[in-house]
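Take a look at the structure below.
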Amino acid sequence: MKRVFLETYGCQMNVADSEVMAGVLERAGMELVARPDDADAVILNTCAIREHAEQRVLGRLGEFAHLKLKNPDLIVGVAGCMAQHLRKRLLDQKRVLDLVVGPDGYRQLPDLLRRAANVPVSDLRLDRDETYGDLEPRRGHGVRAWVTVQRGCDKFCTYCVVPYTRGRERSLPLHELVSQVTKAAAQGFREIVFLGQTVNSWRDGAYDFADLLRAANDVDGVLRVRFTSPHPSDMSERVIAAIAECERVMPHVHLPLQSGSDRVLAAMERSYTLEQYEAVLARIRERIPGAAVSTDIIVGFPGETEADFLMTHDAMRRWRFDSAFLFKYSARPDTKSFRMPETVDEVEKGRRLQALIDQQHQISGEIHDGWIGREVEVLVDGPSWRAAGAERQLHGKSREFKTVVWADDGAAPGSLRRVRVVGATPVTLLGESVTGASRASLVTIAG
């Protein structure tokens, strides 16, 4: 077995895991191919956070079942959170699946694939010691390197399946992470993104997340440092100070709220109140002037009343997040909330979700309009999608993680460009390249 097709579903942590898997496979002498038709084995690296992701993966397995009819020797595998979460259901797919491997089994992947050529194989053990910190990932193309600093989670929010699919929280040592950042910079990656389920709870002995940010800030070749997703309860003064004081740590914080009702937050076991959340948010905006803040919101959690929803609507209006990821609650087996009776039907969930989308769309548009006329520093990602016949454009991210699009001026991916904002939509800043001005003249004040 030499050729493997690896397909990734889900969040950036799954992308980072796929890079670890790709590194393991290549060191074992296997080749990663771009098409399943060219492969001896296909592996789906999966997410179990949302029900929609599961349905997509199950549909994809149906496609591979047809491919396997043409090539009976094809090995079909499912890896990641969905493998751990739906192990019984997946292992029943005997006519399709040959391999099911959980998030802590990637080190054994080459051997598992060889064994799966003869008999269906599974490795679903959760390992309290596995961090993959000693393994070199095979990173994809682009300007960003994903660096997983922490695996698992100890928070046990009632709606979240992660502690059950990825196990308990464990942090990688500081020296291993600095080594990963240094290698990524040497490979040409200009932005480092630290990943963890509650990334700011990272700790290595006496070192905390603030120390990690400061260490990354000092690595030669790194232009920018970001992280996702922090937990409000772990957003300490030391972490906020590190963001404020480190030039390469970007002024953008993703701070999940989940609900604007203290009663719902308590039912979710989020470990903070609205008052505590607001204090953290105020401190971020005080210490980091111009910082962009994004958030997560879930609507329709069991027991959420219309009054609870209106509190969330009002909190978003008052706090004016730059952007928000908005979701309908979906019950996940193994979680505490799975045993709670659903009290909001799908139609009402959809209505509440759309109301928040409309509100956030308006807020984001107003904030972005305030950027018009300002100049921003953009890290160039590359060519932007364009309609047939349209002018060629580039796109990239501002320091505040806002997408900026401007006419192609020849800037290479990974370079910094100064762009004047001349227009805006709720999701994008439209700009024109600025030349001949000094970096000191940059203005990066959020609306």
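The values are calculated or read from the model by the stated rules, or taken from the named source; none is laboratory data. Not measured: the values here are computed from a predicted model. When we count neighbours, we look across all protein chains shown, and the Cβ atoms used for this are built from the backbone with ideal geometry, even at glycine. Accessible surface areas use protein heavy atoms only, side chains included; no ligands, DNA or RNA. Shrake-Rupley method; radii C 1.70, N 1.55, O 1.52, S 1.80 Å.
Kindly evaluate residue 290 against the criterion of being at pLDDT 95 or above, open to solvent by less than 70 Å² (accessible area, probe 1.4 Å), closer than 26 Å to residue 424 by Cα and out of contact with any strand residue (DSSP E or B) (no Cβ under 7 Å at 6 or more places or on another chain).
The answer is yes for residue 290.
Which is under 25 Å from the mean Cα position of the chain (by Cα) and more than 21 Å from residue 234 (Cα to Cα), of 294, 337?
337
Looking at 176, 191, 169, which one is among the charged types (D, E, K, R), under 19 Å from residue 14 (Cα atoms) and open to solvent by 20 Å² or more (accessible area, probe 1.4 Å)?
Only one candidate passes the filter, namely 169.
Limited to region 244-257, what total is found for residues that are closer than 22 Å to residue 272 by Cβ, out of contact with any helix residue (DSSP H, G or I) (no Cβ under 7 Å at 6 or more places or on another chain) and among the aliphatic types (A, V, I, L, M)?
Total satisfying the criteria: 0.
Can you find, within region 417-441, the residue that is modelled with the lowest pLDDT among those that are buried (at least 16 other Cβ atoms within 10 Å of the Cβ) and of a type in the set (A, V, I, L, M)?
434
Any residue in region 62-73 that is within 18 Å of residue 3 (Cα to Cα) and outside any loop (DSSP other than H, G, I, E, B) sitting within a Cβ distance under 8 Å of a residue that is open to solvent by 30 Å² or more (accessible area, probe 1.4 Å) and among the aromatic types (Phe, Trp, Tyr)? List the pairs, counting only those 6 or more apart or interchain.
Matching pairs, first to second residue: none at all.
Please verify whether region 26-36 includes one or more residues that are in a strand (DSSP E or B), over 23 Å from the mean Cα position of the chain (by Cα) and farther than 28 Å from residue 184 by Cα.
no
Could you please let me know if residue 241 is closer than 22 Å to residue 302 by Cβ, open to solvent by 10 Å² or more (accessible area, probe 1.4 Å) and modelled with pLDDT of 95 or more?
In short, no.
Hey, residue 162 hits all of (1) of a type in the set (A, V, I, L, M); (2) in contact with a Leu (Cβ under 8 Å, 6 or more places away or on another chain); (3) under 30 Å from residue 397 (Cβ atoms) but one; which does it fall short on?
(2)
State which residue is most open to solvent (accessible area, probe 1.4 Å) when the search covers only region 321-347 and only residues that are charged (D, E, K, R), in contact with a helix residue (DSSP H, G or I) (Cβ under 9 Å, 6 or more places away or on another chain) and on the phi < 0 side of the Ramachandran plot.
328
Take region 244-257 and flag every residue that is part of a helix (DSSP H, G or I) and not hydrophobic (A, V, I, L, M, F, W, C). Let's see the steps before the verdict.
Initial filter on region 244-257 (part of a helix (DSSP H, G or I)): 244-245.
Hit for region 244-257 is 245, nothing else.
Kindly establish whether residue 355 is modelled with pLDDT of 95 or more and either open to solvent by 10 Å² or more (accessible area, probe 1.4 Å) or closer than 25 Å to residue 82 by Cα (or both).
Yes; evaluated as a whole, the condition is true for this residue.
With out of contact with any Lys or Arg (no Cβ under 9 Å at 6 or more places or on another chain) and acidic (Asp, Glu) as the only criterion, which of 208, 234, 218 stands out?
Exactly one of 208, 234, 218 is out of contact with any Lys or Arg (no Cβ under 9 Å at 6 or more places or on another chain) and acidic (Asp, Glu), namely 234.
What's the number of the only condition in (1) in contact with a Gly (Cβ under 6 Å, 6 or more places away or on another chain); (2) surrounded by 22 or more Cβ atoms within 10 Å (Cβ to Cβ) that residue 151 fails to meet?
Going through the list (1) in contact with a Gly (Cβ under 6 Å, 6 or more places away or on another chain); (2) surrounded by 22 or more Cβ atoms within 10 Å (Cβ to Cβ), residue 151 breaks only (1).
Which ones in region 303-314 are under 17 Å from residue 362 (Cα atoms) and crowded, with 20+ Cβ neighbours inside 10 Å?
Answer for region 303-314, where residues must be under 17 Å from residue 362 (Cα atoms) and crowded, with 20+ Cβ neighbours inside 10 Å: just 312.
Looking at residue 367 and the list (1) part of a helix (DSSP H, G or I); (2) open to solvent by 50 Å² or more (accessible area, probe 1.4 Å); (3) not hydroxyl-bearing (Ser, Thr, Tyr), which single condition is not satisfied?
Residue 367 satisfies every listed condition except (2).
Do any helices (runs of 4 or more DSSP H) entirely within region 154-231 hold 1 or more residues that are modelled with pLDDT of 95 or more, and if so, which?
Values: elements: 162-165, 174-186, 209-217.
Counting at least 1 such residues, we get 174-186, 209-217.
Right, residue 79: open to solvent by 30 Å² or more (accessible area, probe 1.4 Å), at pLDDT 90 or above and of a type in the set (A, V, I, L, M, F, W, C) or not?
Against the criterion (open to solvent by 30 Å² or more (accessible area, probe 1.4 Å), at pLDDT 90 or above and of a type in the set (A, V, I, L, M, F, W, C)), residue 79 does not qualify.
Residue 136 passes all but one of (1) part of a loop (DSSP other than H, G, I, E, B); (2) within 24 Å of residue 26 (Cα to Cα); (3) open to solvent by less than 40 Å² (accessible area, probe 1.4 Å); which number fails?
Going through (1) part of a loop (DSSP other than H, G, I, E, B); (2) within 24 Å of residue 26 (Cα to Cα); (3) open to solvent by less than 40 Å² (accessible area, probe 1.4 Å) one by one, residue 136 breaks only (3).
Looking only at region 143-163, which residues are of a type outside the set (Lys, Arg) and in contact with a His (Cβ under 7 Å, 6 or more places away or on another chain)?
Passing the criteria: only 161.
Considering only residues that are surrounded by fewer than 18 Cβ atoms within 10 Å (Cβ to Cβ) and of a type in the set (A, V, I, L, M, F, W, C), look in region 377-410 and name the one that is nearest to the chain's Cα centre (by Cα).
Residue satisfying both the conditions and the ranking: 385.
Every residue in region 98-118 that is under 26 Å from the mean Cα position of the chain (by Cα), assigned to a helix (DSSP H, G or I) and farther than 14 Å from residue 6 by Cβ, please.
Once the filter is applied, which keeps residues that are under 26 Å from the mean Cα position of the chain (by Cα), assigned to a helix (DSSP H, G or I) and farther than 14 Å from residue 6 by Cβ, region 98-118 yields 107, 108.
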